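Reviewing the structure listed below.
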Amino acid sequence: MENKEISKPINKRQRFIRFMRYLSVAVVTVWLLAFLIASADKDDFRAVGVIVFLIFVFLVIVPLIGFWIYSFVKAVRRRTKTDRILLWFHIADLLLLGGIVCLLNRPPMRCDAFIMAECYNGEPVFWMWNTVNRYRDILPDSTRLVVEFDNGNMPQSDILGEFEMKKLKEILDYLGCIGIDVNNYPDSEYSTIRFRRIGMGMYSFRLYHHPLTRHQQDSINANECLIVYNDSTVFEFGGGVFGSQVFVGKDEFIKSRNKNQSNSKQ
């Protein structure tokens, strides 16, 4: 029966329908793949921009969705060579759609001072200080090293070789961090471990080279983007050029911390 169907000459209408089936499947597959990649992007600002663009594209290709549905029904009900080929693509499209749904429903990446405190305490403290000191010692005189690993990509550096970059990435991955900013200028006050980037905002640990006096701590705490954690560590939030310039949840964290310290003294 199948051979008879294949050997039958097809008219213009059938040829057009077959072409539209292939076209609709190809366009939908590419669209779903692009949407999946955007959904998996850890950069929220970039991901939202791409998704908005893809939604606009979807409005343009809506007529092809009808052909995609028609093609899927035909591929399930019939068993011609064309149907068998397209059925695999339809299955792949459904898997891509499932992947998109899972990614869009994953817990959102977030950050606040409580999360930073939890990730800083214990063994990570030693490795953060060890890392900034090690790479400060590597630097030539009066130079600065700024490295951020974006979505696991390996950036280029004029100072560090490939081996050192891989080693740095391994350490930062272990710490749950994404970057480092160190220098050996004569007036350098602190080094920075970049913790998480949420949208345009960056949460970082400032590690001061010398203990902060009480006056310095009060001055730093007066900045709405900074939280003094101890006499050598400060939590920092940078909102970027257009982002918020306030460390959200700062007051709640300080009140909670002061309360815990008071209870521990009693």
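The values are calculated or read from the model by the stated rules, or taken from the named source; none is laboratory data. Model, not experiment: these values are computed from the prediction. Here the Cβ is made from the backbone with ideal geometry for all residues, glycine too, and neighbour counts use every protein chain on show. Surface areas here come from the heavy atoms of the whole protein model, side chains and all, with no ligands, DNA or RNA. Shrake-Rupley method; radii C 1.70, N 1.55, O 1.52, S 1.80 Å.
So which of Ser204, Ser219 is small (Gly, Ala, Ser), out of contact with any His (no Cβ under 7 Å at 6 or more places or on another chain) and either part of a strand (DSSP E or B) or surrounded by 16 or more Cβ atoms within 10 Å (Cβ to Cβ) (or both)?
Being small (Gly, Ala, Ser), out of contact with any His (no Cβ under 7 Å at 6 or more places or on another chain) and either part of a strand (DSSP E or B) or surrounded by 16 or more Cβ atoms within 10 Å (Cβ to Cβ) (or both) holds for just one of Ser204, Ser219, which is Ser204.
State the number of residues belonging to the stretch 183-201 that are open to solvent by 40 Å² or more (accessible area, probe 1.4 Å) and of a type in the set (Phe, Trp, Tyr).
2
Of all residues in the stretch 117-144 being touching a helix residue (DSSP H, G or I) at 6+ places or on another chain (Cβ under 9 Å) and in contact (Cβ under 8 Å) with a residue 60 or more places away in the chain, which is nearest to Leu168 (Cα to Cα)?
Once the filter is applied, the top-ranked residue is Thr131.
Looking only at the stretch 139-154, count how many residues are more than 24 Å from His210 (Cβ to Cβ), modelled with pLDDT under 90 and either surrounded by fewer than 16 Cβ atoms within 10 Å (Cβ to Cβ) or of a type in the set (Lys, Arg) (or both).
Qualifying residue count for the region: 5.
Does Asn260 qualify as being at pLDDT 90 or above and either open to solvent by 40 Å² or more (accessible area, probe 1.4 Å) or not basic (Lys, Arg) (or both)?
no
Name the one entry in Thr131, Thr82 that is touching a Phe, Trp or Tyr at 6+ places or on another chain (Cβ under 9 Å) and polar (S, T, N, Q).
On inspection, the qualifying residue turns out to be Thr82.
Taking Ser157 as meeting all but one of (1) in contact (Cβ under 8 Å) with a residue 24 or more places away in the chain; (2) open to solvent by less than 40 Å² (accessible area, probe 1.4 Å); (3) within 30 Å of Ala38 (Cβ to Cβ), write down the number of the exception.
(1)
Check whether at least one residue in the stretch 163-177 is in contact with a strand residue (DSSP E or B) (Cβ under 8 Å, 6 or more places away or on another chain), small (Gly, Ala, Ser) and assigned to a strand (DSSP E or B), and report yes or no.
no
When only residues in the stretch 225-245 that are loosely packed, with under 15 Cβ neighbours inside 10 Å and modelled with pLDDT of 90 or more count, which is farthest from the chain's Cα centre (by Cα)?
Ranking the qualifying residues of the stretch 225-245, first place goes to Asp231.
Report yes if some residue within the stretch 125-138 is within 25 Å of the chain's Cα centre (by Cα) and open to solvent by 70 Å² or more (accessible area, probe 1.4 Å); otherwise report no.
For the stretch 125-138, residues within 25 Å of the chain's Cα centre (by Cα) and open to solvent by 70 Å² or more (accessible area, probe 1.4 Å): present.
Please go through the stretch 164-202 and give me each residue that is among the hydroxyl-bearing types (Ser, Thr, Tyr) and at pLDDT below 95, ordered by number.
Within the stretch 164-202, Tyr174, Tyr185, Ser188 qualify.
Could you tell me how many of the residues in the stretch 160-176 are in contact with a Lys or Arg (Cβ under 9 Å, 6 or more places away or on another chain) and exposed (fewer than 15 other Cβ atoms within 10 Å of the Cβ)?
1
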